[in-house]
Amino acid sequence: MARPRKKSSKTKSRGGKNRRWSARVTQRSNALDLEPKVFRSMSPRQIALSLKRSAERSKRRKAKPYQSAMSMLNFYINRAGKNLPKSRRRVLERAKDELRDVFGRD
């Protein structure tokens, strides 16, 4: 007899809609209080500056501001995966370089 399949732990059904756990992380992160729609900006510089502000203001982060900001940006890029259009990925990858600049890293 075949066993019934379990629902994926990555999605939960709420009112007929699937919600991804990664969306909750970016909205309710314990490390950073992100500004609304920060990752929707078309300017890599604005994304970097916003992440820097969030990381420096946070009292709950465990790492240094640069590491927290870069981690959140990488998390967003990795979670979007194949669904991220090339133009958005390009902007977000450039935001990494801008983040290094605003933190004075090489």
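Computed from the coordinates by the stated procedures, all read-outs in this text should not be read as laboratory data. Here the structure is a predicted model, which means the values were calculated and not measured. No Cβ is skipped: glycine too gets one built from the backbone with ideal geometry, and neighbour counts run over all protein chains shown.
Out of the chymotrypsin sites (Phe, Trp or Tyr not before Pro) in region 57-106, which ones are loop residues according to DSSP with at most 12 other C-beta atoms within 10 Å? Don't skip to the answer; put the middle values down first.
Details: sites: 66, 75, 76, 103; in loops: 103.
Here no chymotrypsin sites (Phe, Trp or Tyr not before Pro) fit, given the DSSP loop and packing criteria.
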Applied in sequence order to region 33-41, the curve 6.51 cos²θ - 1.76 cosθ + 1.60 (Karplus, θ = phi - 60°) yields integer Hz couplings, x standing for Gly and Pro, of 9, 6, 5, x, 6, 4, 7, 8, 4
Here, residue 35 and residue 60, labelled 7 Å along Cα→Cβ, have an inter-label distance in nm of 2.0
The Cα extents of region 41-93 along the principal axes, largest first and rounded to whole Å, are 33, 20, 11
Mean separation of Cα contacts under 8 Å (at least 6 apart) over the residue count of region 33-102, i.e. the relative contact order in percent, is 43
As straight-line cross-link partners of residue 64, the qualifying aspartates and glutamates (C-alpha separation under 13 Å, not fewer than 8 residues apart within one chain) are 56
Here, trypsin sites (Lys or Arg not before Pro) of region 52-104 satisfying both criteria (DSSP loop; at most 13 other Cβ within 10 Å) are 59, 60, 62
Straight-line reach check, residue 62, cutoff 14 Å on alpha carbons, 8 or more apart in-chain or any other chain, hits among aspartates and glutamates -> 33
Each label sits 7 Å from Cα toward the beta-carbon; between residue 101 and residue 45 the label points are separated, in nm, by 0.7
